1. Collect the residues in region 33-47 that are within 16 Å of Gln233 (Cα to Cα) and in contact (Cβ under 8 Å) with a residue 24 or more places away in the chain, keeping them in residue-number order.
2. Of the numbered conditions (1) in a helix (DSSP H, G or I); (2) closer than 22 Å to Ser209 by Cα; (3) not basic (Lys, Arg), Asp323 satisfies every one except a single condition; which is it?
3. Looking at Ala27, Ala57, Ala36, Ala64, which is the one that is in contact with a Phe, Trp or Tyr (Cβ under 9 Å, 6 or more places away or on another chain), modelled with pLDDT of 95 or more and either of a type in the set (A, V, I, L, M) or assigned by TED's automatic domain parsing to the domain that holds Thr376 (or both)?
4. Can you tell which of Ala496, Ala467, Ala477 is of a type in the set (A, V, I, L, M, F, W, C), out of contact with any strand residue (DSSP E or B) (no Cβ under 6 Å at 6 or more places or on another chain), in contact (Cβ under 8 Å) with a residue 24 or more places away in the chain and surrounded by 20 or more Cβ atoms within 10 Å (Cβ to Cβ)?
5. How many of the residues in region 160-213 are in contact (Cβ under 8 Å) with a residue 24 or more places away in the chain and among the acidic types (Asp, Glu)?
Amino acid sequence: MREFSVPPVVTIGDSSTLVDPLWDNAAEAPDAVQFARRMDGVWHDVTCAQFLEEVVAVARGLVAAGIEPGDRVGLMSKTRYEWTLVDYAIWSCGAVTVPVYETSSTEQVSWILEDSGAVACFVETAAHQTIVTGVREFDHLWRLDNLDELIASGASVSRDAVERRRADARADDLATIIYTSGTTGRPKGCQLTHRNMYSDIANAIPGLSSLFHEGSRTLLFLPLAHSFARLIQIGVVQARATMGHTPDVKNLVADLQDFKPTFVLSVPRVFEKLYNTAKQTARADGKGAIFDRAERVAIAFSEARDTPRGPGLALRARHALFDRLVFRKLRAVLGGNCRQAISGGAPLGERLSHFFRGIGITIFEGYGLTETSPATNVNLENAQKIGTVGRPLPGVTVRIDDDGEILILGDIVFKGYWKNDAATAEAIDGDGWFHTGDIGELDDDGYLRITGRKKELIVTAGGKNVAPAVLEDRVRAHALVSQCMVVGDRQPFIAALITIDSDALPAWAKEHGKAASADMATLAADEDLRKEIQLAIDDANLAVSKAESIRTFRILPRDFTEATGELTPSLKVKRNVVLKEYADEIAAIYDKT
């Protein structure tokens, strides 16, 4: 057992909540630009004073609608300014935000709104409205593009009513319930208090002060329904930085160049795409050799920074040359002013970390889970070790249990799973330690390295958590399917390995005019069989969001058996065995992307 603890630099008072900085900012720096809101293609500044007034106006509307402290309010939308506005308005009247991914399936929306007991809901589009009204009746269902009606309804409510709600709120009050995928298939609601999230960001900002400060800018494009993006939102308000929102990642590069952020928040997949696009563009322009040399210099320069002597004169000269020829152009893709980034959700990789630091963009990699508000560890400005996810944040203790599992202790540990005492007891032990289900190592300096996953939850390269069970169970329901194993950990999308039921295959083969001798091996690539299995895949995908859906699949030449080692005596799939046995097939799936 190994343990490393960092004392807190900020302690959250019992009467402090996440909305306190709004009032402080408006009083102390009313003209500071808190947000940039794009309307008709033009960015418009929103000052701290203006933001507070808008939040209070929406909060008054919520009070007029009968929203009481502790009531749960759903919020289903892409990342946009109104998402943040409504989130703070819900908190300001003492209620609880229940985020719903805008890509969520009807089944997921139904479960989240029903399980949370939401009494009202905000949606972005008519399609969202149709989904919500189809699964649950609400007295109040508001569209984000028409908040004027809600605001007008609050005219009869005094500002003092909101002030009283704020004064009565406490740090340990519930702030949000974020539903995260579980191995049972149905999402579990993580209860996060104001203290949980406030403690997390307040203790992170001092070590990331060059990112979070008045005058810094970031463009948020990750879903605010995810706890990672939500934490950055809170940090921007806390530090009086400036945030813009962009919902359409298809135009991300153009938006970055327009907004010119000083730092960005992302998942590894975005950094991978930036790197791959730059390399492919260079090769298409006949400059592949120059890019390759520049890449080697960037990595060498970054690696040398971690040595006692640092980069030598010759390396510095080559770096300066390629900065003019290559690196400057790469930084321009992010707007030209971006020098730092935060990455989380999945491993970034040492080579990519050194490459970006070498071109002048330092990426601070971190680790955490929704249950830990979410950040537990982050590489900081003066404490960075590439290849790790950093030391514990101040106020956090990390322990490596005897079986290698990472345990977390601190104010960031969530309150528990909503209406699920059994799952809570399994996740948080009697001493308050949260069991992450991940495997890791702590070095002598307290830096954490993630080495594996104890639980089966898949995390894609885009940082999306995917529970295999809900997909696998539905695919296996098809008469022709024997086994289904979902893959995609650290990959850009979800795929599946399928085996065929040997008892059901002969009848299907005869019905479809296949040779009498046809078996799984000979029919693995048969188009008729693939079309049949695709029906099972399509059905399974109805239960999940697009990001969690199975994009492609491979039919394997034989079934899993206990004799060949893929199944346990109770007929459960041994995932590690299958991953090793079919490593080539899995690699072939992603090599084509």
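The values are calculated or read from the model by the stated rules, or taken from the named source; none is laboratory data. Note that this is a predicted model, so its numbers are computed, not measured. All Cβ positions, even for glycine, are placed from backbone atoms using ideal geometry, and neighbour counts span all protein chains on display.
1. Taking region 33-47 as the starting set, the residues that turn out to be within 16 Å of Gln233 (Cα to Cα) are 33-37, 46-47.
The answer is Val33, Gln34, Phe35, Ala36, Arg37, Val46.
2. Among (1) in a helix (DSSP H, G or I); (2) closer than 22 Å to Ser209 by Cα; (3) not basic (Lys, Arg), Asp323 violates only (2).
3. Details: Ala27 fails: in contact with a Phe, Trp or Tyr (Cβ under 9 Å, 6 or more places away or on another chain); Ala57 fails: in contact with a Phe, Trp or Tyr (Cβ under 9 Å, 6 or more places away or on another chain); Ala64 fails: in contact with a Phe, Trp or Tyr (Cβ under 9 Å, 6 or more places away or on another chain).
Result: Ala36 is the single residue among Ala27, Ala57, Ala36, Ala64 that is in contact with a Phe, Trp or Tyr (Cβ under 9 Å, 6 or more places away or on another chain), modelled with pLDDT of 95 or more and either of a type in the set (A, V, I, L, M) or assigned by TED's automatic domain parsing to the domain that holds Thr376 (or both).
4. Details: Ala496 fails: out of contact with any strand residue (DSSP E or B) (no Cβ under 6 Å at 6 or more places or on another chain); Ala477 fails: surrounded by 20 or more Cβ atoms within 10 Å (Cβ to Cβ).
Among Ala496, Ala467, Ala477, only Ala467 is of a type in the set (A, V, I, L, M, F, W, C), out of contact with any strand residue (DSSP E or B) (no Cβ under 6 Å at 6 or more places or on another chain), in contact (Cβ under 8 Å) with a residue 24 or more places away in the chain and surrounded by 20 or more Cβ atoms within 10 Å (Cβ to Cβ).
5. Matching residues across region 160-213 total 4.
Matching residues to (1) among the acidic types (Asp, Glu); (2) under 30 Å from Ile299 (Cβ atoms):
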| position | (1), (2) |
| --- | --- |
| Asn377 | no, yes |
| Leu380 | no, yes |
| Lys385 | no, yes |
| Thr388 | no, yes |
| Thr397 | no, no |
| Asp403 | yes, no |
| Ile406 | no, yes |
| Val413 | no, no |
| Asn420 | no, no |
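Conditions tested, residue by residue: (1) touching a Pro at 6+ places or on another chain (Cβ under 8 Å); (2) under 24 Å from Tyr590 (Cβ atoms); (3) outside any helix (DSSP H, G or I).
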| position | (1), (2), (3) |
| --- | --- |
| Val475 | no, yes, no |
| Ala479 | no, no, yes |
| Lys510 | no, no, no |
| Thr522 | no, no, no |
| Glu532 | no, no, no |
| Ile537 | no, yes, no |
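Residues are listed down the side, and each one gets a yes or a no for (1) surrounded by 22 or more Cβ atoms within 10 Å (Cβ to Cβ); (2) of a type in the set (Asp, Glu); (3) not in a strand (DSSP E or B):
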{"residue": "Ala27", "(1), (2), (3)": "no, no, yes"}
{"residue": "Phe35", "(1), (2), (3)": "yes, no, no"}
{"residue": "Arg38", "(1), (2), (3)": "no, no, no"}
{"residue": "Asp45", "(1), (2), (3)": "no, yes, no"}
{"residue": "Pro69", "(1), (2), (3)": "no, no, yes"}
